[in-house]
Structures are given as C-alpha cells and as structure tokens.
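Before any comments, here is the structure.
Readers should treat all values here as calculations from the given coordinates under stated rules, not as data from a laboratory. Not measured: the values here are computed from a predicted model. Virtual Cβ from ideal backbone geometry, glycine too; neighbours counted across all protein chains shown.
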Amino acid sequence: MTATSTSQLAGLIELFFRRRLAAQKQASPSTVVTYRDALRLLLVFASDRSGKTPSALSVEDLDRDVVLAFLDYLENERGNTVRSRNARLGAIRSLFRHISYCDPAAVGVAQRILSIPTKRTTTRVVGFLRKEELNAVLAAPDRSKLQGRRDHALLLFLGRTGARVSEAISVNAKDLRLDSPWQVLLRGKGRKERIVPLAEDTADVLKAICRERNVPLNTEVPVFVNSRGKRLTRFGVTHILERAVRKASVSCPSLGTRSISPHTMRHTVAMHLLQAGVDLATIRSWLGHVSVVTTHHYIEADIEMKRRAIEQCDVQEAKPIRYQATDELLAFLDCL
C-alpha cells in the first residue's frame, strides 16, 4: 500500500473509536478501554514484527497471518486464557468490520481476518460462596476504622445486590434511595439501567458512610472512593476483596483454597436467590442478563438442588426377570 493508505489506517482506527464505538454504538467506557487495550497490543506486536512504527503500519501489515501469530503470542507468551484470546479477537474483528465498510480496497484483508474462528473454551462450574463463607468475608474488615467501614460497605453491597464491579464503582449518591423502599439504580452493559432492591441493613450501612463523608444524596458524588477521595477502580475493588478473604480464611479455612474474585460475589447472590426459590426470570432481571440462558448456568452449578432431587426420587430397584420364550421359533433362535 502507499503512504496514503498507511495514514488511512491510523484514520480508520480513530474513526472506529470516535464514530463507530462512541457515536454509533454508544459503547460504555469499559468497552472502549477493552477494545483500546486489545488493539494497542496488536499494533505493538505488528510493529515489532514489521520493523515499522505503529503509526506507519498499513492495513496490509495487519493481515490474517499477523493476527493469527498475535493470537498465538497472547496465549503462549503473555499467558492469556482462551477466553481472553477470544475477547481480543472480537475487538479485532469489530475493527476490521468497520474497515471493510469504510475502505473497499481493504475488503479482502478484512474478510480473511473476519473468517478467523474463535477457540472453544471449557465451561467451568460457577463458583460461589456458601453463607458461612460470605459472612466471614463480610466480617473481615475492621469497622473501627474509616477504611474498614468503606470496605465492609462495598463487600456488603456486592454480596447483596449482585452488581458487576463496573456497576458498583459507578454508583453515585443520587442513584441510592435509602428510605423505604430501599433501592439502587445500576447501569449495566450496553447502557442498560435496572433498579435493584436493597436490604434495610445494606441501606443503613450505605447511609452511614455517606453521612460520614458529608455526601448529599442527590449528587453525582461517587459512593465508593479510595483513600484520596477518588472513585474506586476495578483493581481497587479486587484488592479490597483479596484482603478480606485472606483475613477471613483464618476462621473459615475453605476460603484459603479457592480463587475468589468480585464476580464470585455476583455468582453468590444468584445462587442464594435460586436456593431460596426465586424463579429464573426474576434472577435474570435482578442480575441484568440479556438472556435467561446465561442465568440457567446457575441451575447447572447448584449441587444441593440436584441432591434434593435424588432424595425425592425414591425408586426401588426392581429384580430382573429372565425372559421366557413363548414361541417355538423364538426358542429355537435363543438356542443358536
């Protein structure tokens, strides 16, 4: 390609983020960051491979072979899981779908990349905390200190609402209703909003930390902040949970043998609702799932429900009866 097409690649990528993601799809900030990180890794990889600077790369420098080599690099050298590999391939596909619309000359390159298949992944059993494990985690923060009260409020919020990390850290004071009926407005994937009820004790804890920080409830001030008063990040939430799990594992050893992430808290809420007899449609609405198929995975993971089903199937073993031929021809055939 010419120098014109080289500069065109940079322009296409800029259009992809400014027009395609931001203006047309109105992608959330977390989606933009995910796509940005995937494409940045690809550009750096292609730059090292071709000897060109990232801004000097052309569309042809990101052909199918380069993308396949990049995907192998993610798994073999960066240690990405197949799920992460597929997510980054999804971002690359989205870019080249946009390129094929905007640059007819690049349709051939784009189609070869769009034909790259995703890898099959192993569907793992959903991990969640039993009630005693959740209680141990919630009790871990030292609530005699401001930081401990913040940690307890955050963990209680995650463990009672089932909010995603991005939803929890995005909650502002104006999203809370802390008088009866207690509830919170969450902003989920695809800019979809939903209202989730709060238990009275959760509302009281949230009200206390807002009062302690002198946060008016009808403002855009974030509810969960770090030591500098800035909105908590995803990594900050993960650190808070890991710290609580380490402390809780002293009194609840089963916690020390497991990998527990903020998303585990979300699974925990779903499983506890399911075990309490809440129907799947309500759980789907509660968690903000697009499809009830996603929610159905919790049924697959609920071993206690399966045990109860076995106990209810009280089927006595029948004694086998030997077949007796009733016809001379059948008796002859049986003797062969």
Relative packing of peptides 223-234, 263-274, 167-178 - highest average C-beta neighbours within 10 Å first = 263-274, 167-178, 223-234
remark   = Given pairs 145/189; 207/247; 145/207; 145/247; 189/247 and cut-off 23 Å on Cα-Cα distance, the over-length ones are 145/189; 207/247; 189/247
remark   = Going through 25/119; 25/52; 25/192; 174/230; 25/230 one by one, the pairs whose alpha carbons sit over 20 Å apart turn out to be 25/119; 25/52; 25/230
task = For the range 131-311, divide the Cα radius of gyration by the Kirkwood radius and give the resulting Rg/Rh value with two decimals.
result = 0.97
task = Would you kindly give the portion of the calculated P(r) for the range 3-114 that falls above 18 Å, as a percent of all Cα pairs?
result = 47 percent
key: Span from the the range 22-42 Cα centroid across to the the range 144-184 one, whole angstrom   = 27 Å
message = Treating only the Cα positions of the range 181-234 as identical point scatterers, give the base-10 log of I(q)/I(0) from the Debye formula at each q in 0.16, 0.31 Å⁻¹.
response = -0.59, -1.23
task = Using Cα pairs closer than 8 Å and at least 6 residues apart in sequence, work out the relative contact order for the range 131-311, in percent.
result = 24 percent
remark   = Sorted by chain and number, the residues with a modelled amide H under 5 Å from that of residue 225, at a separation of 5 or more or across chains, are 232
